[in-house]
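Undergrad: Sharing a structure, written as C-alpha coordinates. Questions coming.
The values are calculated or read from the model by the stated rules, or taken from the named source; none is laboratory data. No experiment lies behind these values; they were computed from the predicted model shown. All Cβ positions, glycine included, derive from the backbone under ideal geometry; neighbour counts span all protein chains shown. Please note that ligands, DNA and RNA were not included when accessible areas were found on the heavy atoms of the full protein model with its side chains. Shrake-Rupley method; radii C 1.70, N 1.55, O 1.52, S 1.80 Å.
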Amino acid sequence: MKSIFSIILSCSLLLIVSCIGKTSSATTVETETPKDSIPTVYYIKDITPQSLVKVYEALGRKAEGKKIGIKISTGESNKSNHLDTALIADLVRVINGTFIECNTAYAGNRNTTEAHIKAAKEHGFTDLAGVDIMDAEGEMEIPVTGGKHLTKDIVGKHFADYDFVVVLSHFKGHQMGGFGGALKNISIGIASSNGKAYIHSAGATQLADSIWGYMAEQKDFLESMAEAAKGIIDYTGDRILYINVANRLSVDCDCNGHPEEPEMGDLGVFASLDPVALDRACVDMVFNSTDPGKVALIERINSRKGTHILTHAEGLGLGSQKYRLVTIEE
(Lines give C-alpha, C1' and ligand atoms only; values in the text may rest on other atoms or scores of the structure.)
Protein backbone atom coordinates (compact mmCIF):
# COMPACT_ATOMS: atom_id res chain seq x y z
CA MET A 1 0.00 0.00 0.00
CA LYS A 2 1.37 3.38 -1.01
CA SER A 3 2.02 5.90 1.70
CA ILE A 4 0.16 9.18 1.73
CA PHE A 5 3.50 10.90 0.94
CA SER A 6 4.01 8.75 -2.18
CA ILE A 7 0.51 9.51 -3.43
CA ILE A 8 0.97 13.24 -2.88
CA LEU A 9 4.39 13.14 -4.61
CA SER A 10 2.98 11.28 -7.64
CA CYS A 11 0.09 13.71 -8.00
CA SER A 12 2.46 16.67 -7.74
CA LEU A 13 4.71 15.27 -10.48
CA LEU A 14 1.71 14.68 -12.76
CA LEU A 15 0.56 18.25 -12.18
CA ILE A 16 4.04 19.62 -12.98
CA VAL A 17 4.31 17.57 -16.20
CA SER A 18 0.81 18.69 -17.21
CA CYS A 19 1.69 22.35 -16.64
CA ILE A 20 4.93 22.06 -18.57
CA GLY A 21 3.06 20.58 -21.52
CA LYS A 22 0.48 23.35 -21.46
CA THR A 23 3.08 26.09 -21.15
CA SER A 24 5.12 24.64 -24.05
CA SER A 25 2.15 24.52 -26.42
CA ALA A 26 0.95 27.94 -25.38
CA THR A 27 4.28 29.60 -26.08
CA THR A 28 4.77 28.04 -29.52
CA VAL A 29 3.47 31.08 -31.36
CA GLU A 30 4.33 31.97 -34.95
CA THR A 31 5.66 35.49 -35.14
CA GLU A 32 5.94 37.71 -38.19
CA THR A 33 9.32 39.02 -39.26
CA PRO A 34 9.61 42.69 -38.26
CA LYS A 35 8.86 44.86 -41.28
CA ASP A 36 12.09 46.80 -40.88
CA SER A 37 14.10 43.61 -41.47
CA ILE A 38 12.28 42.67 -44.69
CA PRO A 39 14.05 44.09 -47.74
CA THR A 40 12.09 46.35 -50.05
CA VAL A 41 11.86 45.79 -53.79
CA TYR A 42 10.62 48.81 -55.72
CA TYR A 43 8.61 48.18 -58.86
CA ILE A 44 7.26 50.14 -61.82
CA LYS A 45 5.31 48.34 -64.52
CA ASP A 46 5.95 50.94 -67.21
CA ILE A 47 9.40 50.39 -68.73
CA THR A 48 10.66 53.85 -69.65
CA PRO A 49 13.86 55.86 -69.15
CA GLN A 50 12.05 57.83 -66.44
CA SER A 51 11.09 54.61 -64.61
CA LEU A 52 14.72 53.59 -64.27
CA VAL A 53 15.58 56.95 -62.72
CA LYS A 54 12.60 56.71 -60.36
CA VAL A 55 13.49 53.29 -58.96
CA TYR A 56 17.11 54.39 -58.56
CA GLU A 57 16.06 57.44 -56.57
CA ALA A 58 13.62 55.38 -54.49
CA LEU A 59 16.47 53.22 -53.17
CA GLY A 60 17.87 56.14 -51.20
CA ARG A 61 21.45 55.09 -51.83
CA LYS A 62 23.27 57.47 -54.12
CA ALA A 63 26.04 56.27 -56.40
CA GLU A 64 28.95 58.37 -55.19
CA GLY A 65 32.68 58.48 -55.74
CA LYS A 66 35.24 59.56 -58.28
CA LYS A 67 34.66 56.47 -60.40
CA ILE A 68 31.30 54.74 -60.66
CA GLY A 69 30.89 51.47 -62.55
CA ILE A 70 27.64 50.47 -64.24
CA LYS A 71 27.64 46.70 -64.66
CA ILE A 72 25.68 45.76 -67.76
CA SER A 73 25.86 43.06 -70.40
CA THR A 74 26.96 44.47 -73.72
CA GLY A 75 25.24 41.61 -75.57
CA GLU A 76 26.74 38.96 -77.81
CA SER A 77 25.24 40.17 -81.08
CA ASN A 78 22.75 42.59 -82.60
CA LYS A 79 20.14 39.83 -82.20
CA SER A 80 20.70 39.56 -78.45
CA ASN A 81 18.14 41.07 -76.07
CA HIS A 82 20.60 43.26 -74.12
CA LEU A 83 19.29 46.52 -72.67
CA ASP A 84 18.64 49.25 -75.21
CA THR A 85 20.90 52.27 -74.72
CA ALA A 86 17.95 54.61 -75.36
CA LEU A 87 16.16 53.03 -72.40
CA ILE A 88 19.04 53.37 -69.96
CA ALA A 89 20.44 56.71 -71.20
CA ASP A 90 18.76 58.96 -68.60
CA LEU A 91 19.90 56.79 -65.71
CA VAL A 92 23.45 56.60 -67.03
CA ARG A 93 23.58 60.41 -67.25
CA VAL A 94 22.25 60.81 -63.71
CA ILE A 95 24.82 58.37 -62.35
CA ASN A 96 27.62 59.66 -64.59
CA GLY A 97 29.31 56.27 -64.62
CA THR A 98 31.36 53.98 -66.84
CA PHE A 99 30.06 50.72 -68.28
CA ILE A 100 32.05 47.83 -66.85
CA GLU A 101 32.35 44.34 -68.29
CA CYS A 102 34.76 41.40 -68.50
CA ASN A 103 35.61 39.17 -71.44
CA THR A 104 33.79 35.89 -71.97
CA ALA A 105 35.31 32.42 -71.58
CA TYR A 106 33.92 31.04 -74.83
CA ALA A 107 34.67 31.79 -78.47
CA GLY A 108 32.46 34.56 -79.79
CA ASN A 109 32.12 38.31 -80.21
CA ARG A 110 33.36 39.25 -76.72
CA ASN A 111 36.14 36.84 -75.78
CA THR A 112 38.91 39.36 -76.46
CA THR A 113 39.08 43.00 -75.41
CA GLU A 114 39.29 44.21 -79.01
CA ALA A 115 36.25 42.17 -80.06
CA HIS A 116 34.37 43.15 -76.92
CA ILE A 117 34.88 46.89 -77.45
CA LYS A 118 33.78 46.42 -81.06
CA ALA A 119 30.56 44.73 -79.92
CA ALA A 120 29.93 47.45 -77.32
CA LYS A 121 30.37 50.10 -80.00
CA GLU A 122 28.03 48.32 -82.42
CA HIS A 123 25.38 48.11 -79.71
CA GLY A 124 25.60 51.82 -78.91
CA PHE A 125 27.21 51.69 -75.48
CA THR A 126 30.34 53.67 -76.37
CA ASP A 127 28.17 56.55 -77.62
CA LEU A 128 26.56 56.83 -74.20
CA ALA A 129 29.49 56.40 -71.79
CA GLY A 130 32.96 54.97 -71.45
CA VAL A 131 33.33 51.19 -71.62
CA ASP A 132 35.91 49.45 -69.43
CA ILE A 133 36.70 45.79 -70.12
CA MET A 134 38.03 45.22 -66.64
CA ASP A 135 40.25 42.21 -67.38
CA ALA A 136 41.92 43.89 -70.38
CA GLU A 137 45.09 44.33 -68.32
CA GLY A 138 44.83 41.28 -66.11
CA GLU A 139 42.85 40.04 -63.16
CA MET A 140 42.85 40.03 -59.39
CA GLU A 141 41.56 37.72 -56.68
CA ILE A 142 39.16 38.63 -53.91
CA PRO A 143 38.35 36.25 -51.04
CA VAL A 144 35.19 34.18 -50.76
CA THR A 145 34.38 33.03 -47.23
CA GLY A 146 31.92 30.41 -46.05
CA GLY A 147 31.45 28.75 -49.43
CA LYS A 148 31.24 25.07 -50.32
CA HIS A 149 33.16 25.31 -53.59
CA LEU A 150 35.06 28.58 -53.95
CA THR A 151 37.67 30.20 -51.74
CA LYS A 152 38.16 33.19 -54.04
CA ASP A 153 36.62 35.11 -56.90
CA ILE A 154 38.77 36.03 -59.89
CA VAL A 155 37.69 39.37 -61.32
CA GLY A 156 38.95 41.97 -63.77
CA LYS A 157 41.91 43.92 -62.41
CA HIS A 158 40.21 47.27 -63.05
CA PHE A 159 37.40 46.38 -60.64
CA ALA A 160 39.58 47.83 -57.87
CA ASP A 161 39.40 51.25 -59.55
CA TYR A 162 35.69 51.76 -58.83
CA ASP A 163 34.27 53.48 -55.78
CA PHE A 164 30.68 52.39 -56.38
CA VAL A 165 28.88 49.84 -58.58
CA VAL A 166 25.39 50.11 -60.06
CA VAL A 167 24.32 46.63 -61.15
CA LEU A 168 21.99 47.22 -64.09
CA SER A 169 20.73 43.82 -65.19
CA HIS A 170 18.45 42.54 -67.91
CA PHE A 171 16.30 39.91 -66.19
CA LYS A 172 15.53 37.02 -68.57
CA GLY A 173 16.05 33.29 -68.96
CA HIS A 174 19.43 31.64 -69.26
CA GLN A 175 20.45 28.49 -71.07
CA MET A 176 22.69 27.32 -68.22
CA GLY A 177 21.50 29.08 -65.07
CA GLY A 178 17.75 28.98 -65.74
CA PHE A 179 17.48 32.74 -65.34
CA GLY A 180 19.84 35.68 -65.19
CA GLY A 181 19.44 38.70 -62.94
CA ALA A 182 21.45 40.64 -60.39
CA LEU A 183 23.24 37.65 -58.84
CA LYS A 184 24.45 36.35 -62.17
CA ASN A 185 25.48 39.84 -63.27
CA ILE A 186 27.82 40.30 -60.30
CA SER A 187 29.16 36.74 -60.29
CA ILE A 188 29.76 35.56 -63.85
CA GLY A 189 29.55 39.14 -65.15
CA ILE A 190 32.32 40.64 -63.03
CA ALA A 191 34.52 37.53 -63.21
CA SER A 192 37.43 37.63 -65.65
CA SER A 193 37.60 35.02 -68.42
CA ASN A 194 39.52 32.72 -66.08
CA GLY A 195 37.19 33.62 -63.25
CA LYS A 196 34.22 32.51 -65.34
CA ALA A 197 35.90 29.13 -65.83
CA TYR A 198 36.53 28.94 -62.07
CA ILE A 199 32.82 29.49 -61.35
CA HIS A 200 31.49 27.19 -64.08
CA SER A 201 33.78 24.42 -62.86
CA ALA A 202 32.94 25.00 -59.18
CA GLY A 203 36.61 25.66 -58.48
CA ALA A 204 38.10 22.81 -60.52
CA THR A 205 39.92 25.02 -63.04
CA GLN A 206 40.71 28.69 -63.48
CA LEU A 207 41.82 28.48 -67.10
CA ALA A 208 39.31 29.74 -69.65
CA ASP A 209 40.77 27.47 -72.33
CA SER A 210 39.80 24.37 -70.34
CA ILE A 211 36.32 25.44 -69.24
CA TRP A 212 34.38 22.86 -71.25
CA GLY A 213 36.36 19.97 -69.79
CA TYR A 214 35.49 20.86 -66.21
CA MET A 215 31.82 21.81 -66.21
CA ALA A 216 30.36 21.33 -62.73
CA GLU A 217 27.17 19.58 -61.74
CA GLN A 218 24.22 21.95 -62.03
CA LYS A 219 23.68 22.60 -58.32
CA ASP A 220 27.41 23.04 -57.78
CA PHE A 221 27.51 25.60 -60.59
CA LEU A 222 24.58 27.56 -59.18
CA GLU A 223 26.11 27.48 -55.70
CA SER A 224 29.42 28.67 -57.13
CA MET A 225 27.69 31.64 -58.76
CA ALA A 226 26.16 32.55 -55.40
CA GLU A 227 29.56 32.22 -53.71
CA ALA A 228 31.24 34.44 -56.31
CA ALA A 229 28.48 36.98 -55.73
CA LYS A 230 29.31 36.85 -52.02
CA GLY A 231 32.89 37.79 -52.83
CA ILE A 232 31.68 40.86 -54.72
CA ILE A 233 29.21 41.89 -52.03
CA ASP A 234 31.75 41.49 -49.24
CA TYR A 235 34.26 43.52 -51.27
CA THR A 236 31.91 46.41 -52.09
CA GLY A 237 30.00 46.59 -48.82
CA ASP A 238 27.23 49.19 -49.16
CA ARG A 239 28.85 50.74 -52.23
CA ILE A 240 26.53 48.83 -54.57
CA LEU A 241 22.86 48.77 -55.65
CA TYR A 242 20.77 46.67 -58.00
CA ILE A 243 18.26 47.36 -60.78
CA ASN A 244 16.59 44.67 -62.91
CA VAL A 245 14.77 45.43 -66.15
CA ALA A 246 12.41 42.55 -66.94
CA ASN A 247 11.72 43.02 -70.64
CA ARG A 248 12.37 40.96 -73.78
CA LEU A 249 11.90 37.85 -71.63
CA SER A 250 13.56 35.28 -73.83
CA VAL A 251 14.48 31.91 -72.35
CA ASP A 252 18.03 32.67 -73.50
CA CYS A 253 20.68 34.99 -72.11
CA ASP A 254 22.14 38.09 -73.74
CA CYS A 255 25.34 36.03 -74.11
CA ASN A 256 23.47 34.07 -76.80
CA GLY A 257 23.93 35.56 -80.25
CA HIS A 258 20.84 33.76 -81.57
CA PRO A 259 18.32 33.78 -78.70
CA GLU A 260 14.77 32.47 -78.83
CA GLU A 261 12.14 35.16 -79.27
CA PRO A 262 10.31 36.06 -76.03
CA GLU A 263 6.99 34.28 -75.53
CA MET A 264 5.69 36.34 -72.63
CA GLY A 265 5.21 40.08 -72.29
CA ASP A 266 7.39 42.55 -70.41
CA LEU A 267 6.99 42.78 -66.62
CA GLY A 268 8.57 46.06 -65.56
CA VAL A 269 11.49 47.67 -63.72
CA PHE A 270 12.60 46.44 -60.28
CA ALA A 271 15.21 47.78 -57.84
CA SER A 272 16.53 46.85 -54.41
CA LEU A 273 19.53 47.01 -52.13
CA ASP A 274 19.12 43.24 -51.68
CA PRO A 275 20.02 41.20 -54.79
CA VAL A 276 18.40 38.01 -53.50
CA ALA A 277 15.09 39.73 -52.84
CA LEU A 278 15.31 41.49 -56.20
CA ASP A 279 15.84 38.32 -58.23
CA ARG A 280 13.21 36.48 -56.16
CA ALA A 281 10.64 39.20 -56.85
CA CYS A 282 11.29 38.94 -60.60
CA VAL A 283 11.01 35.14 -60.53
CA ASP A 284 7.81 35.35 -58.49
CA MET A 285 6.27 37.76 -60.95
CA VAL A 286 7.05 35.39 -63.82
CA PHE A 287 5.50 32.44 -62.02
CA ASN A 288 2.44 34.41 -60.87
CA SER A 289 1.82 36.09 -64.22
CA THR A 290 -1.45 35.49 -66.06
CA ASP A 291 0.42 35.64 -69.36
CA PRO A 292 0.20 32.19 -71.02
CA GLY A 293 3.56 32.84 -72.64
CA LYS A 294 5.23 32.35 -69.25
CA VAL A 295 5.27 28.56 -69.73
CA ALA A 296 8.50 28.50 -71.73
CA LEU A 297 10.39 30.70 -69.27
CA ILE A 298 9.12 28.75 -66.26
CA GLU A 299 10.20 25.51 -67.93
CA ARG A 300 13.65 26.98 -68.53
CA ILE A 301 13.99 28.08 -64.90
CA ASN A 302 12.73 24.79 -63.46
CA SER A 303 14.66 22.52 -65.81
CA ARG A 304 17.92 24.20 -64.77
CA LYS A 305 16.99 24.26 -61.04
CA GLY A 306 17.41 28.02 -61.40
CA THR A 307 16.01 29.11 -58.05
CA HIS A 308 18.66 27.09 -56.20
CA ILE A 309 21.00 30.07 -56.56
CA LEU A 310 18.56 32.07 -54.43
CA THR A 311 18.46 29.40 -51.74
CA HIS A 312 22.25 29.15 -51.56
CA ALA A 313 22.72 32.92 -51.67
CA GLU A 314 20.25 33.36 -48.83
CA GLY A 315 22.08 30.69 -46.85
CA LEU A 316 25.34 32.58 -47.38
CA GLY A 317 23.75 35.71 -45.90
CA LEU A 318 23.55 37.69 -49.15
CA GLY A 319 19.91 38.63 -48.70
CA SER A 320 16.41 37.35 -48.18
CA GLN A 321 13.84 35.60 -50.34
CA LYS A 322 11.19 37.38 -48.29
CA TYR A 323 10.58 40.92 -49.46
CA ARG A 324 8.10 43.76 -49.50
CA LEU A 325 7.10 44.87 -53.01
CA VAL A 326 6.45 48.59 -53.23
CA THR A 327 4.86 49.81 -56.45
CA ILE A 328 5.84 53.29 -57.53
CA GLU A 329 3.21 55.28 -59.33
CA GLU A 330 4.08 55.87 -62.98
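Undergrad: Mind checking the dipole of region 68-187: about its Cα centre, +1 per Lys or Arg Cβ, -1 per Asp or Glu Cβ, Debye to the nearest 20? Walk me through the intermediate numbers first.
TA: Values: 11 positive and 15 negative charges, 89 e Å.
It works out to roughly 420 debye.
Undergrad: When the chain is fully extended, how far beyond the present Cα-Cα distance does N111 get from S303, taking 0.36 nm per residue of separation?
TA: Details: separation 192, 0.36 × 192 = 69.12 nm, distance 2.77 nm.
That pair, N111 and S303, stretches by 66.4 nm at full extension.
Undergrad: Let me ask something else about it. Could you identify which residue out of K294, K184, K67 has the top mean-square fluctuation in a GNM of the chain using Cα springs shorter than 10 Å?
TA: Between K294, K184, K67, it is K67 that shows the largest mean-square fluctuation.
Undergrad: For V295 and E64, compute 0.36 nm times the residue count separating them, minus their Cα-Cα distance, and round to one decimal in nm.
TA: Once the chain is fully extended between V295 and E64, it gains 79.1 nm.
Undergrad: Oh, and also: Shape call for region 69-161 from the C-alpha gyration tensor, a ≥ b ≥ c root eigenvalues: rounded (a/c under 1.5), prolate (a/b greater than b/c) or oblate? Mind dumping the intermediate values first?
TA: Working: a/c = 1.98, a/b = 1.51, b/c = 1.31.
Prolate is the answer for region 69-161, as a/c is 1.5 or above and a/b outweighs b/c.
Undergrad: Oh, and also: Counting pairs of alpha carbon atoms under 8 Å apart in space and at least six apart in sequence, what relative contact order in percent does the chain give? Intermediate values should be presented prior to the final figure.
TA: Values: 708 pairs, mean separation 76.7, N = 330.
Reported relative contact order: 23 percent.
Undergrad: Quick one, could you list the DSSP H helices from the chain stretching 24 Å or more along their long axis (Cα atoms) with average Kyte-Doolittle hydropathy of -1.0 or above?
TA: Length and hydropathy pass: 4-27, 218-236.
Undergrad: Report the FRET efficiency, 1/(1 + (r/R0)^6), for R239 and T151, where r is their Cβ-Cβ distance and R0 is 22 Å, rounded to 0.05.
TA: 0.40
Undergrad: Please give the per residue accessible area of region 67-195, computed with a probe of 1.4 Å over protein heavy atoms only, in Å².
TA: Accessible area per residue, region 67-195: 34 Å².
Undergrad: Below 12 angstrom from the Cβ of A208, what's the summed charge of the other residues (Lys, Arg +1; Asp, Glu -1)?
TA: Numbers: positive: K196; negative: D135, E139, D209.
So the environment of A208 carries a net charge of -2.
Undergrad: Moving to a separate point now. With unit charges on the beta carbons (Lys and Arg positive, Asp and Glu negative) and the dipole taken about the Cα centre of the chain, which residue among S51, I240, N78 sits farthest to the positive side?
TA: Going by the charge dipole, the pick is I240.
Undergrad: Here is a further query. Please give, to one decimal in nm, the separation of the simple spin-label points placed at S37 and L128, each 7 Å out from Cα toward the Cβ.
TA: It works out to 3.9 nm between the two label points.
Undergrad: Also, I was wondering about something else. Going highest first, how would you order 302-312, 71-81 by mean Cβ packing within 10 Å?
TA: Ranking, from highest mean packing down: 71-81, 302-312.
Undergrad: Accessible area of the chain with a 1.4 Å probe: how many percent of it is carbon plus sulfur?
TA: Numbers: 7940 of 15170 Å².
Ligands and nucleic acids excluded, carbon and sulfur reach 52 percent.
Undergrad: If you don't mind, there's one more thing I want to ask. Given +1 on the Cβ of Lys and Arg, -1 on the Cβ of Asp and Glu, and no further charges, what dipole in debye does the chain carry about its Cα centre, rounded to the nearest 20?
TA: Numbers: 32 positive and 42 negative charges, 200 e Å.
Here the chain has a charge dipole of around 960 debye.
Undergrad: Assign unit charges at the C-beta atoms only (+1 for Lys and Arg, -1 for Asp and Glu), then state the dipole size of region 226-330 relative to its Cα centre in Debye, rounded to the nearest 20.
TA: For region 226-330, the charge dipole is close to 360 debye.
Undergrad: Past the 32 Å Cα-Cα mark, which pairs from K121/K196; K45/K157; K230/K294; K219/K322; K71/K148; K148/K322?
TA: Values: K121/K196 23 Å; K45/K157 37 Å; K230/K294 30 Å; K219/K322 22 Å; K71/K148 26 Å; K148/K322 24 Å.
Checking Cα-Cα distances, K45/K157 exceed 32 Å.
Undergrad: Shifting gears a bit: Each label point is 7 Å from the Cα along the Cα-to-Cβ direction; what then is the distance between the points at K322 and D161, in nm?
TA: The two pseudo-label positions are separated by 4.3 nm.
Undergrad: Something else now. Can you say what percent of the DSSP beta bridges in the chain, counting only those with both residues inside, are antiparallel? Round to 5. Present the calculation step by step, with values, prior to reporting the outcome.
TA: Details: 18 of 38 bridges.
Roughly 45 percent of the DSSP beta bridges within the chain come out antiparallel.
Undergrad: Right, something else. Set the Förster distance to 30 Å, then compute FRET efficiency between H258 and W212 from the Cβ-Cβ distance, nearest 0.05.
TA: 0.95
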